[in-house]
Amino acid sequence: MTRILLLSNGHGEDLSGSLLGQSLQDQGHDITALPLAGLGSAYGKAGIPLLGSSHEFSTGGIGYTSLRGRLTELLQGQILYLLRRLIRLLRSAPRFDLIVVVGDVIPVIAAWLSRRPVATYLVAYSSHYEGRLRLPWPCAALLRSRRFRAVFSRDQLTADDLSQQLRRPVQFVGNPFMDPVLTPAPALPAAPRRIGLLPGSRRPELEHNLVLLLRLIEQLPANPVCELDLALVSSLNDAALASIASREGWQLNGAQLLRDDALPITVHRDAFQSVLQHSDLVIGMAGTAIEQAVGLAKPALQIPGQGPQFTSAFAEAQRRLLGPTVFCAPGDSGSQANLQASAELVIALLERYRNDPHFQQQLRTEAVRRLGTHGGGLRMAAAISALLP
């Protein structure tokens, strides 16, 4: 049985790695994972064992964070933790037939140092950011080496760009993280219009994001026929949710957040896919979730927070990545001007989604162009299997 080690470095990367790992397991491979940042809980949920113990950090990954986030990483010892992870990798690498990188330059360097054969899924990079991808040093040189048996990109534009830059084939076969949300999920109760609220998953950023979403909902007119669905992770329990809501003038009543002058919000736990699939519009403060919304041909409205992850800079980069079906109102994060402009965008986007066929076609076109079609995990696993004896 072929032994494969998955190497990833962030919450979204762990999700992609776990889904790819499951497809590789189905093809008969023995899979182990080494998350370089975070608990790697996605692997645990997928039944993929971890190499050594893991630790959670508040920034959720190594990479695109605010200055405050980077300082937090230092104070929490994330850099030292990464070094210990790399030492574990180098000691354990001879046990594996192939290392599969899911992420960016950090796991690419780590995999190259292991001296094992490598396949790389560059989920963190895209030519859509600038038109031509500028890989950080020394990523390009490493990817050209014979040690890297295959390179996969997150979209076709990047595959074409990197194939030319690296002078080797770079494949786009789809994105594993799209497979779960493209699989039909249980339906929600019928409603004329639905808005999905996605505050993210990392605490304490999640709490801050939730407050901003509640303040936005207060700006919406209370009379339109519209259902609001809040997708929450289990780490924020009802007691914590009720406490946050009460400070903002809301009350938690069963599965609903209520306020006299605002639309009610239905709270959903363990129903992320259903909320995403049945929404007419997604309002989000989460990286991977916004990408998945675009891949489902849903318009997405960003509400930039205070970080450390979903900042204004992160949101702006995400709009370049995902294209013209992701929207963000002007104004500083949390300001009355931004919240009011966001509320006006909500009304306009709901109208366009239901009644503008050109907008509907644009959503479908960008979904395939930016994220690909269903089955990316299976196709990538098959291509990786073909590399092995």
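Odds and ends about this structure:
- Where ALA329 falls short, out of the listed (1) under 22 Å from the mean Cα position of the chain (by Cα); (2) closer than 23 Å to SER235 by Cα: (2)
- Within region 221-236, being out of contact with any Lys or Arg (no Cβ under 9 Å at 6 or more places or on another chain) and modelled with pLDDT of 95 or more holds for one residue alone: LEU230.
- The set of residues from region 220-236 being closer than 19 Å to ALA190 by Cβ and in a loop (DSSP other than H, G, I, E, B) comprises PRO224, VAL225, CYS226.
- Qualifying positions in region 297-320 - surrounded by fewer than 20 Cβ atoms within 10 Å (Cβ to Cβ) and hydrophobic (A, V, I, L, M, F, W, C): ALA297, ALA313, ALA317
- Qualifying residues in region 237-284 (those that are part of a loop (DSSP other than H, G, I, E, B) and in contact with a strand residue (DSSP E or B) (Cβ under 7 Å, 6 or more places away or on another chain)) - the one surrounded by the most Cβ atoms within 10 Å (Cβ to Cβ): SER279
- Any chance VAL326 is touching a helix residue (DSSP H, G or I) at 6+ places or on another chain (Cβ under 6 Å) and closer than 17 Å to LEU198 by Cα: yes
- Complete set of residues in region 324-368 that are surrounded by 15 or more Cβ atoms within 10 Å (Cβ to Cβ), in a helix (DSSP H, G or I) and either of a type in the set (Gly, Ala, Ser) or outside the structural domain of GLY307 (by TED's automatic domain parsing) (or both): ALA341, SER342, ALA343, ALA367
- Residue within region 121-136 that is at pLDDT below 95, touching a Gly at 6+ places or on another chain (Cβ under 9 Å) and within 20 Å of LEU6 (Cβ to Cβ) present: yes
- Scan of region 201-242 for residues that are polar (S, T, N, Q) and under 19 Å from the mean Cα position of the chain (by Cα), ordered by number: SER201, ASN209, SER234, SER235
- Lone qualifier among GLY69, GLY21 - being buried (at least 16 other Cβ atoms within 10 Å of the Cβ), at pLDDT 95 or above and part of a helix (DSSP H, G or I): GLY21
- Qualifying residue in region 30-43 (condition: part of a helix (DSSP H, G or I), modelled with pLDDT under 95 and farther than 23 Å from HIS374 by Cβ): yes
- Lone unmet requirement of (1) without any contact (Cβ under 8 Å) to a residue 40 or more places away in the chain; (2) of a type in the set (S, T, N, Q); (3) touching a Lys or Arg at 6+ places or on another chain (Cβ under 7 Å) for SER243: (3)
- For ALA289: the one exception among (1) without any contact (Cβ under 8 Å) to a residue 60 or more places away in the chain; (2) of a type outside the set (Ser, Thr, Tyr); (3) part of a helix (DSSP H, G or I): (1)
- Residue among ARG146, ARG115, ARG91 that alone is surrounded by fewer than 20 Cβ atoms within 10 Å (Cβ to Cβ), at positive phi, assigned by TED's automatic domain parsing to the domain that holds PHE172 and over 20 Å from the mean Cα position of the chain (by Cα): ARG115
The values are calculated or read from the model by the stated rules, or taken from the named source; none is laboratory data. A quick note: this is a predicted structure, and the numbers were derived from the prediction, not measured. All Cβ positions, glycine included, derive from the backbone under ideal geometry; neighbour counts span all protein chains shown.
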